[in-house]
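Structure first, commentary second.
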Amino acid sequence: MSAGNVARRVTVAEIARLHAEGIPIACLTAYDHPVARILDAAGIPLLLVGDSLGQVVLGYESTVRVSMDEMLHHARAVVRGTEHALIVADLPFLSYATPEEALRNAGRFLREAGVGAVKLEGGVAAVPAIEALVRAGIPVMAHVGWTPQSLHGLGGRTKVQGKDRAQARRIVADALAVQEAGAFAVVLELVPEQLAAEITRRLRIPTIGIGAGAGCSGQIQVITDILGLGTFIPRHARRYADLQNVIADAVRGWAADVAAGSFPGAAESVRMDDAILADVLGTGALDRPDLDAPIPLDRDL
Ligand code: KIV
């Protein structure tokens, strides 16, 4: 394949162009090859290998348990399954506690998985890490408001952030700080819609909302929530399919066919030339049928 035929991936410049043109940016999480392939073919421009992986794929109770190796494993699969989307990988808990660690781990995502950008949680406090990454040429998506990795520090329960004055001021300051540090976009999670709309109005970079109302520059959802694959549906999500029941019906149908002996059928089986089989078994027309004789092995022939 010549270099001219290589599929071109969405870049952060493309995301900035969508934003400048006022086109809402639809982003989704992806964790594996088959789903990433479908989302990519459907034209979703930005796929996040979120550390929500921990809960929705790996069965952990929070994102805090997710390791860098687990994130890399899934980021590689998503990159391999896509040709067009910008793939953003979440830096997991404590993997960017210092700018040096942020650089080392983000570098692994780019070099070992082939993603195009990383995401990290935090506003003012995350500025040193964001600046170091941007200086090194690594595009950064920031994440403010409800930041799941701070679950324990934020009271242990998922909660809308920014309803009171102090929190609202902090979130505005966080959003401005990550923009000035060089982030190309910022996720606003679980923030009242008026506050999110006002932050969006004040920022030059796109805001990507999740539970932050319709006034953001784009939206992101956890793919298992909109496909109906999760164990519960968060209030901010809308179910566009009921794959849990689709899958359950499909496997019940398959198991019933196995039980009835109708799977596999002719279409799912291969046949061989009966004469060759007879030859192998020594039961051909010229053979004396001796059904108790062992099947001759190559060394006996
Ligand atoms: O990990 C994740 O899925 C996220 C989204 C909720 C933005 O961070």
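Remarks
- Per-residue Cβ neighbour rank within 10 angstrom, fewest leading, 60, 31, 96, 240: 240, 60, 31, 96
- The range 53-82 and the range 199-243: distance between their alpha carbon centers, rounded to Å: 19
- In plain terms, the chain from residue 60 to residue 279 could stretch by 73.2 nm, reckoned as 0.36 nm per residue minus the Cα-Cα distance.
- Per residue of the chain, the DSSP helices (runs of n ≥ 4 H) give a summed -39500 (n - 2.57) that works out to -11000 deg cm²/dmol at 222 nm.
- Remark: the chain projects, on average over all directions, an area of 24.1 nm² (convex hull of Cα atoms).
- Longest segment of the chain lacking trypsin sites (Lys or Arg not before Pro) that sit in a DSSP loop with at most 12 other Cβ atoms within 10 Å: 9-156
- Candidates 93, 263, 109, ranked by Gaussian network fluctuation over the chain, Cα under 10 Å, top entry: 263
- Exposed-site-free run, longest, the chain (rule: GluC sites (Glu not before Pro); DSSP loop; at most 13 other C-beta within 10 Å): 84-301
- Listed residues 130, 15, 23, most fluctuating in the chain (Gaussian network, C-alpha, under 10 Å): 23
- From least to most packed, judged by other beta carbons within 10 angstrom and beginning with the fewest, 164, 32, 225, 90 follow the order 164, 32, 225, 90.
- Annotation: the residues 243, 28, 48, 94, sorted from fewest to most other C-beta atoms within 10 Å of their own C-beta, follow the order 94, 243, 28, 48.
- Build a GNM of the chain with springs between Cα atoms under 10 Å apart, and of 226, 171, 247 the one that fluctuates most is 247.
Each value in this text was obtained by applying a stated rule to the coordinates, not by laboratory testing. A quick note: this is a predicted structure, and the numbers were derived from the prediction, not measured. With ideal geometry, Cβ positions are generated from the backbone for all residues, glycine too; neighbour counts draw on all protein chains shown.
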